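Following: one structure in structure tokens, then a few remarks.
The values are calculated or read from the model by the stated rules, or taken from the named source; none is laboratory data. Keep in mind the model is a prediction, meaning the values are calculated, not measured. Every residue, glycine among them, receives a Cβ derived from its backbone with ideal geometry; neighbour counts consider all protein chains shown.
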Amino acid sequence: MTPATEDQLFPAELWEPLPRPPGREEPTPIRRRDDTAHGSAHGSAHDAADGAGPHLLRREGEGALVRIRHTAEAASAVALQASGWWHPSPADACELRPQGNGRWEGVFEVPADWRASYGFAVHRGPGEPPWRSAGMKAPGVEVVPDPGNPRRHRAGRGGAARSVIALPDDAPFAPSAAETEGPGPRVLPLASPSDGPRTRWWASRPGDAGCEGLDPEAPLPLLILTDGAQHVEHLDTPTLLARGVAAGVLPPLAAVFVDSGPQRGEVLGVPGGHARWIAEQLVPSLRAYGLGTGRGRARVLVTADPARTIVTGSSFGGLTALFAVARAPQLIGAVIAQSVSLWRYPAGALTAPLLRAAARSTSGPLRLRLQVGRYEGDMPARSRALHEGLVTGAAQHGTALDVTLDAHSGGHDWAWWQPTMLHEVAALLR
């Protein structure tokens with residue numbers, strides 16, 4: 001690799017990551033409807049048996065009512081710990097009400113597009129539960145997943161099991177239920193160029209569902225995902241990709257999963273690291289040699305069309321996706337950047353590099369898809385500023401740039417990152 005000190009596009013002295021800014025998250029108003037009649041709506045969020053898992057009671061315009069239940073016989077207090085609702089207002093707004101015999105229940109008014117990883121915070125013994133004064137991430141709070149909801153993951157920081165609720169109909173990209181899924185698609189190791197990070201791949205093949213008549217010599221669209229271990233080992237993304245192809249929502253495609261490894265903050269969210277490796281080594285190598293060229297494996301060709309080459313990532317991975325396209329817009333024509341950690345650099349720092357990349361694009365307008373969660377502190381404001389800067393700059397310079405910003409009702413959370421990313425991939429490859 002070219003040493004960072006020799007990098008002319010992103011000089012190291014100008015791109016040293018900033019420390020995470022201090023500051024308390026603003027309280028999130030939580031509305032309760034515990035007096036609501038408990039008639040379940042058709043097509044509940046998880047089609048769970050009565051008394052198990054969350055229940056969508058009904059939709060009301062842009063909102064919905066969701067009933068949450070848990071059983072904890074020895075508890076003195078139980079609260080819903082949902083991603084992004086870290087400082088509920090009022091402080092006890094997420095607490096479930098005791099129903100007797102160790103049963104707890106609450107009815108919440110939520111946005112109709114709410115998606116969240118969640119668990120139950122349980123307090124035992126006397127005294128006030130710590131979350132009332134320190135928030136829902138109070139140290140030492142016991143948090144357990146929902147035993148009535150089979151949809152869960154361990155992709156979050158620390159690897160703890162968390163249940164998933166998603167009110168929108170995300171079919172065919174609804175979160176997988178590990179207890180009901182059979183063996184998933186075969187994910188194979190990639191011989192990474194130049195000793196790069198651990199990288200694995202999956203690709204549609206002739207004979208797969210949705211791939212009838214697929215020419216094995218036809219180059220496939222290419223999707224590159226950062227945080228590959230989370231996608232492969234905890235989120236079952238290859239299965240959802242295969243499901244999307246089988247349903248005709250996605251075309252046959254190839255997906256490459258790049259692990260972040262233990263030094264995530266050093267290799268993701270920086271102009272070098274994995275961004276440089278993806279742009280300067282991974283994509284050129286895949287174009288030249290394809291996938292599966294090892295002994296006994298048929299070669300899978302990938303597209304040379306930048307418009308059919310997508311890089312996606314969330315948080316630090318979202319920065320990485322933007323840095324990668326800034327480096328190689330002639331190779332990468334589309335990016336899905338979610339919950340981008342823009343605080344790592346001065347306000348507006350990415351605008352000029354991305355506008356320069358748009359001016360260098362060789363396959364039509366560069367397509368940037370920015371996404372952010374409404375429960376992510378100042379991230380929506382930072383994302384709006386980037387979007388506005390790009391739109392204004394492109395108009396001033398006459399640069400062809402297709403950039404959008406979508407806000408979703410979620411926190412800093414895989415529960416919405418994964419399905420909305422997959423829907424966006426389908427739209428970009430339509």
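Here are the numbers:
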| item | result |
| --- | --- |
| Cross-chain or 6+ apart pairs with Cβ under 9 Å, segment 291-305 first and closer than 15 Å to LEU253 by Cα and surrounded by fewer than 18 Cβ atoms within 10 Å (Cβ to Cβ), then of a type in the set (S, T, N, Q) and modelled with pLDDT under 85 | ARG299/THR293 |
| Subset tally (residues that are under 15 Å from PRO17 (Cβ atoms) and touching a strand residue (DSSP E or B) at 6+ places or on another chain (Cβ under 6 Å)) for segment 342-358 | 0 |
| Unique residue being of a type in the set (Asp, Glu) and surrounded by fewer than 17 Cβ atoms within 10 Å (Cβ to Cβ) when the list is ASP215, ASP227 | ASP215 |
| Condition met for ALA203 (crowded, with 24+ Cβ neighbours inside 10 Å, farther than 18 Å from ALA334 by Cα and in contact with a Pro (Cβ under 9 Å, 6 or more places away or on another chain)) | yes |
| Residue that is surrounded by the most Cβ atoms within 10 Å (Cβ to Cβ), among those in segment 156-170 that are over 17 Å from HIS408 (Cβ atoms) and hydrophobic (A, V, I, L, M, F, W, C) | ALA161 |
| Residue check, LEU18 part of a strand (DSSP E or B) and either in contact with a Lys or Arg (Cβ under 6 Å, 6 or more places away or on another chain) or modelled with pLDDT under 90 (or both) | no |
| Matching option when the condition is part of a loop (DSSP other than H, G, I, E, B) and modelled with pLDDT of 95 or more, among PRO262, PRO185, PRO271, PRO175 | PRO271 |
| Qualifying residue in segment 242-261 (condition: surrounded by fewer than 17 Cβ atoms within 10 Å (Cβ to Cβ) and more than 20 Å from GLU424 (Cβ to Cβ)) | yes |
| Count - residues of segment 356-380 that are out of contact with any His (no Cβ under 6 Å at 6 or more places or on another chain), more than 19 Å from THR309 (Cα to Cα) and surrounded by 18 or more Cβ atoms within 10 Å (Cβ to Cβ) | 4 |
| Candidates GLY318, GLY348, GLY333 - the one that is modelled with pLDDT of 95 or more and surrounded by fewer than 21 Cβ atoms within 10 Å (Cβ to Cβ) | GLY348 |
| In segment 262-271, residue nearest to the chain's Cα centre (by Cα) [restricted to those that are over 12 Å from GLY313 (Cβ atoms) and buried (at least 22 other Cβ atoms within 10 Å of the Cβ)] | VAL270 |
| Condition check for ALA72: touching a residue at least 12 places away in the same chain (Cβ under 8 Å) and under 16 Å from ASN149 (Cα atoms) | yes |
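To keep it simple, each residue is scored yes or no on (1) buried (at least 20 other Cβ atoms within 10 Å of the Cβ); (2) touching a strand residue (DSSP E or B) at 6+ places or on another chain (Cβ under 9 Å).
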{"residue": "PRO54", "(1), (2)": "yes, yes"}
{"residue": "ILE68", "(1), (2)": "yes, yes"}
{"residue": "GLU95", "(1), (2)": "yes, yes"}
{"residue": "GLY102", "(1), (2)": "no, yes"}
{"residue": "GLU105", "(1), (2)": "no, yes"}
{"residue": "GLY119", "(1), (2)": "yes, yes"}
{"residue": "PRO126", "(1), (2)": "no, no"}
